[in-house]
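Please treat every number below as a calculation from the coordinates, not as lab data. Bear in mind that the values here come from a model prediction, so they are computed numbers and not experimental data. Every residue, glycine among them, receives a Cβ derived from its backbone with ideal geometry; neighbour counts consider all protein chains shown.
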Amino acid sequence: MTHPRTSPATPGADTADEPLTDPGAGPGPRSVAGTAADVTPPPGTATAGAPEPPSGSAPLATATPGELRDHLTARLDEPARGWLRRALDEAAAHPGTHGPISAWELRIAEAGRRCGPAHADAARVLILHAARADADALARVYYQGTGAERRAVLYALPHLVPGPEGLPLVEDALRNNDTRLLTAAVGPYAARHLDAHAWRHAVLKCLFTGVPVDAVADLDRRAHGDTELSRMLTDYGAERTAAGRAVPADLHRVLTLTDPPATPFAPAADHG
C-alpha cells in the first residue's frame with residue numbers, strides 16, 4: 001500500500017511479497033507458515049509461489065502475536081528488528097484512524113522492504129494487532145492495498161474482528177484466482193462466519209484453482225455429513241471424469257468427509 005487508492009488494487013499485483021515460510025529453520029520458536037504448499041493453478045491464475053511449510057509449522061492465521069514476534073525476532077537482522085519494534089510501538093501509541101492515512105498504515109506498506117518478502121506477512125499482521133485495527137480500518141487497508149497487504153488483513157481477521165463485519169473482505173478474496181489470497185481467505189475467520197452456501201463454494205474454488213484443502217480451516221467439522229457439498233463434489237468429479245481429466249485427490253478427501261462410504265471416482269488421465 002504505497003498510497004491511498006479510491007478503487008481496489010489488482011489482486012496478486014504485489015508478487016514480490018511471498019507468504020511467510022521458513023523451510024530449514026533450526027531449533028527455536030515455533031515456525032510460522034503463511035500458506036500451504038506450492039500449487040499449480042489453471043492458466044490465467046496467479047501462482048502460489050511459496051515452498052511447502054516446514055513440518056510442525058503454525059499457520060499464520062492461527063499463530064498468536066507472541067509466536068509471530070518470537071518468529072521474527074529469531075530471523076530478522078538487527079536493522080529489521082529495530083524497524084519492526086519502532087513500527088509496533090508507533091501503532092500501539094496511535095491506534096485506530098488518524099487523518100486520511102494513519103502512520104501504522106504507512107508502516108504496513110514498508111514491511112516488505114524493511115523485513116523482506118519472506119517475513120512481511122507476519123510483520124504486517126503484528127502491526128495490525130498493535131494498531132487494534134477494527135473492521136473499518138481493515139477494510140480500508142484491504143481495498144487500498146496490494147495483494148500482499150490484502151493477505152495480511154485476511155490473516156489478521158480472526159484475531160481482530162469477533163463478528164461477521166469482515167465477511168465482505170473474505171467474499172471479495174474468494175471472487176479472484178490469486179491462490180495466495182484464496183489460501184488466506186479460507187482460514188479460521190471464514191470457517192467461523194461464512195454461511196453454508198458460501199463456504200461450500202469456497203471449498204470448490206480451492207479445488208478449481210489448486211489451493212490445497214489443508215488451507216481450509218475447520219474442514220473436517222464443516223464438511224461432516226454435508227450432503228449438499230457431497231452432491232457438488234460428485235457433480236464436479238463426474239464432469240472431470242467425463243472430460244477425461246483427472247479428479248483432484250483433494251476432492252476424494254473432502255468427499256469422504258461428507259460421506260465416508262462414498263465410492264471414489266475412477267482415476268482418469270489428465271488430457272489438459
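Starting from the amide H of ASP178, placed 1.01 Å from N in the peptide plane, find each other amide H under 5 Å away whose residue is 5 or more places distant or on another chain.
It is ALA46, by chain and number.
State log₁₀ I(q)/I(0) for the range 129-272 at q = 0.09, 0.10, 0.21 Å⁻¹ as given by the Debye formula over alpha-carbon point scatterers of equal weight, solvent excluded.
Cα-only, vacuum Debye calculation for the range 129-272: -0.30, -0.37, -1.20.
With charges only on Cβ, +1 for K and R and -1 for D and E, what is the dipole size of the range 85-155 about its Cα centre, in debye, rounded to 20?
Dipole of the range 85-155, to the nearest 20 debye: 200 debye.
Quick one: P(r) of the range 118-186 from all Cα-Cα pairs, 5 Å bins, percents rounded to integers, in order of increasing distance.
3, 20, 34, 27, 14, 3, 0
If I model a spin label as a point 7 Å beyond the Cα along the Cα-Cβ vector, how far apart are those points for THR62 and ARG86 in nm?
Inter-label distance under the simple model: 3.6 nm.
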